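Working notes, structure below.
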Amino acid sequence: MITLARKVINSIAHFDGLAPLAIRLYLAPVLMQAGYNKLVNFEDTAAWFGNPDWGLGLPMPEVMAALAAGTEFFGSILLLLGLATRLISVPLMITMLVAALTVHWQNGWLAIADPSSWLANDQVLASAEKLGRAREILQQYGNYDWLTSSGNFVVLNNGIEFAITYFVMLLVLFMFGGGRYTSIDYLLSRRYP
């Protein structure tokens, strides 16, 4: 049995670059969109980063916004190519931790409010009544069938779930690199050992 397991592991080892490739292909558009949104709305992003009353209250908001936007946008391009994967994963992980701690932490774990979840906090539990009332209003005064033809209405809770998930995925890329056969990093390591 052990011999069979080793044979299977050895035969799939040639495909071990697929997992990092899948992570890179998943993360790249998510991070690129986030960075792009910050870049095209840079003044608003910097204002939100800096304002202590209705924003994050971060120091040097223009610098922080530029670092976040540039890291996400240009870092996603590097991830897509598998170039400097381990190197770019570090500032991207820092960006995810800053986002989790400054933006999402106070909302708990869940990104989408699910009152039936064991992870639901008071904010998520309160969302059920609000969502129910919103559905009633839309059913009474709106074209509810048309409005829900693309999916159900949900309440965005904005918890740390996505930021931490992205952090963990980036940690995997940091530890294992861009992937054998599937990244420029691998090709460069073969050419310049």
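When G75, G17 are checked against the criterion of being touching a residue at least 40 places away in the same chain (Cβ under 8 Å) and crowded, with 20+ Cβ neighbours inside 10 Å, a single residue qualifies: G75.
Filtered by the rule that a residue be over 28 Å from W105 (Cα atoms) and exposed (fewer than 15 other Cβ atoms within 10 Å of the Cβ), region 139-180 gives Q139, Q140, Y141, G142, N143, D145, W146, L147, T148, S149, S150. Remark: pairs (first residue in region 134-155, in contact (Cβ under 8 Å) with a residue 24 or more places away in the chain; second residue surrounded by 11 or more Cβ atoms within 10 Å (Cβ to Cβ) and not in a helix (DSSP H, G or I); Cβ separation under 6 Å; 6+ apart in sequence or on different chains) = V154/I112; V155/A113. The residue list L188, L131, L170 contains one member that is of a type outside the set (D, E), in a helix (DSSP H, G or I) and closer than 22 Å to P29 by Cα, which is L170.
Tallying residues that are crowded, with 18+ Cβ neighbours inside 10 Å and farther than 25 Å from A111 by Cβ within region 78-101 yields 3. Out of curiosity, is W118 in a loop (DSSP other than H, G, I, E, B), in contact (Cβ under 8 Å) with a residue 12 or more places away in the chain and of a type in the set (A, V, I, L, M, F, W, C)? So W118 does not fit the description; no.
Bear in mind these aren't lab numbers, they're just calculated from the coordinates by the rules spelled out. Not measured: the values here are computed from a predicted model. Neighbour counts run over all protein chains shown; Cβ positions are idealised from the backbone, glycine included.
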